[in-house]
Amino acid sequence: MSKVKVAVVGCGSISKHRHIPEYATNPNVELVAFVDPILERAEHYAQAHGGKAYSSYTEMLLQEKVDAVSVCTPNFLHAEVAIAALNAGAHVLVEKPMATTAEEAQAMNEAAKKNGVYLMVGHNQRLMPPHVKAKEILDQGRLGKVLTFRTSFGHPGPEGWSVDGRESWFFRQSEAIMGAMGDLGVHKSDLIRWLLNDEVAQVGAFIDTLHKEGTDVDDNATCILRMKKGAVGSLVASWTYYKGGDNSTVLWCENGVIKIDTDPKDQVIVELRDGTIERYQVGAVATNEKQTKSGIIDEFIDSITKGQEPRISGEEGLRSLNVILAAFESQATGKIISL
């Protein structure tokens, strides 16, 4: 089988740590183009992996016949670049949040359908081993119905992660549109929907900039969610967990509790009402400091080579995005928002 020809648009940290190295180690991939407005960044990867460097994605799409494109740009460009690539007949993997409005996300999904290509969103939390294990346990049904939950994602902020540090686009509202909520909160809205096999019905939220100086994007969000099947829980996203970062989820169920990533050794712990305790060591959740293979790239390439719609589709991405957008609406109006 011929290799999937891939272009990476945006050569910042997510490309550096995830997309490019994971494409490079996938035997079914040929990296053919790298795009970044700072051309030296694209050239660096073209020299390392072959392929050509471009400073403009429109130029790249005119010059190259690519099978697939990774969109790793600032948030405000996700829809624009994705739609251009989809219209050029390429499958697209877009970083999260997939777009900054529901209309943009809808337009992306329509472009994928119209052109007969796949759109996948980089919600890698679904593929992390502890979450896969927890989902398997939940789906067995022995814990019974999920009644309440809490899920959170907090770290010290993107300045330690982004290639541009404190000067990063993450802190500029015109480019990021949203802060911690778009960066981290959307991971958790996606995770909770998937784990519970349920949709969010209502959202109430407090979203604010509490500590990051000189930025107008949110650095903290605390949300209450009610799910369609009745479970109620909290979702927290923070860029100010300067010590003790958190990426944990706890689900309290009829027959016990399941704790994910709350313990340094046992990534999944199940405590049943009859007193039995099960501990699972299945591999750690990735952190900014300790990158583990996300599985997202292999999943994307797999779906292309097998001709199967990606499990983490644009439709799924839109549902997870809608939760975040509802949270911002709740903050703006002081009301509980129904989805």
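Brief remarks on what is shown
- Entry note, the chain: the mean residue ellipticity at 222 nm calculated from DSSP H runs of n ≥ 4, each adding -39500 (n - 2.57), is -9000 deg cm²/dmol after division by the residues and rounding to the nearest 500.
- DSSP loop GluC sites (Glu not before Pro) with at most 11 other Cβ within 10 Å: longest gap in the chain: 1-212
- Nearest 10 degrees, 0 to 90: helix 296-306 Cα axis against the chain principal axis: 70
- In this structure the amide hydrogen of VAL94, modeled in the peptide plane, comes within under 5 Å of the amide hydrogens of VAL71, MET120, VAL121, GLY122, none closer than 5 places in sequence on its chain.
- Between ARG172 and VAL282, the C-beta separation translates, for a Förster distance of 41 Å, into a calculated FRET efficiency of about 0.60.
- Ranked by the mean number of other Cβ atoms within 10 Å of their residues, highest first, the peptides 184-193, 234-243 fall in the order 184-193, 234-243.
- About its Cα centre, the chain has a charge dipole of approximately 840 debye under the convention of +1 per Lys or Arg Cβ and -1 per Asp or Glu Cβ, with nothing else charged.
- For the stretch 317-337 versus the stretch 29-100, the gap between their alpha-carbon centres in whole angstrom: 30
- Label point at LEU339 placed 7 Å out along Cα→Cβ; residues across the stretch 210-225 whose backbone nitrogen lies under 12 Å: 224-225
- Estimated dipole of the stretch 1-133 in Debye, rounded to 20 [Cβ of Lys and Arg +1, of Asp and Glu -1, Cα centre]: 460
- Ordering of 45-51, 70-76 by burial proxy (mean other Cβ atoms within 10 Å per residue, highest first): 70-76, 45-51
- Among LYS306, LYS259, LYS65, the largest mean-square fluctuation in a Gaussian network model of the chain (Cα springs under 10 Å) belongs to LYS306.
- Counting DSSP beta bridges with both ends in the chain, the antiparallel % (nearest 5): 60
- Prolate/oblate/rounded label for the stretch 1-129 (Cα gyration tensor, a/c 1.5): rounded
- Backbone geometry of the stretch 108-116 corresponds, through the Karplus equation with coefficients 6.51, -1.76 and 1.60 at θ = phi - 60°, to 3J(HN,Hα) couplings of 5, 4, 5, 5, 5, 4, 4, 9, x Hz, x marking Gly and Pro.
- Classification of the chain by its C-alpha gyration tensor yields a prolate form. The axis ratio a/c (a ≥ b ≥ c) is 1.5 or more, and a/b outweighs b/c.
- Remark: the stretch 163-297 carries a charge dipole of roughly 300 debye about the Cα centre, counting +1 on each Lys and Arg Cβ and -1 on each Asp and Glu Cβ.
- ARG142-GLN308 pseudo-label distance in nm [points 7 Å out on the Cα-to-Cβ vector]: 2.7
Throughout, read-outs are computed from the coordinates displayed, never taken from laboratory work. The structure displayed is predicted, hence computed values, not measured ones. Here the Cβ is made from the backbone with ideal geometry for all residues, glycine too, and neighbour counts use every protein chain on show.
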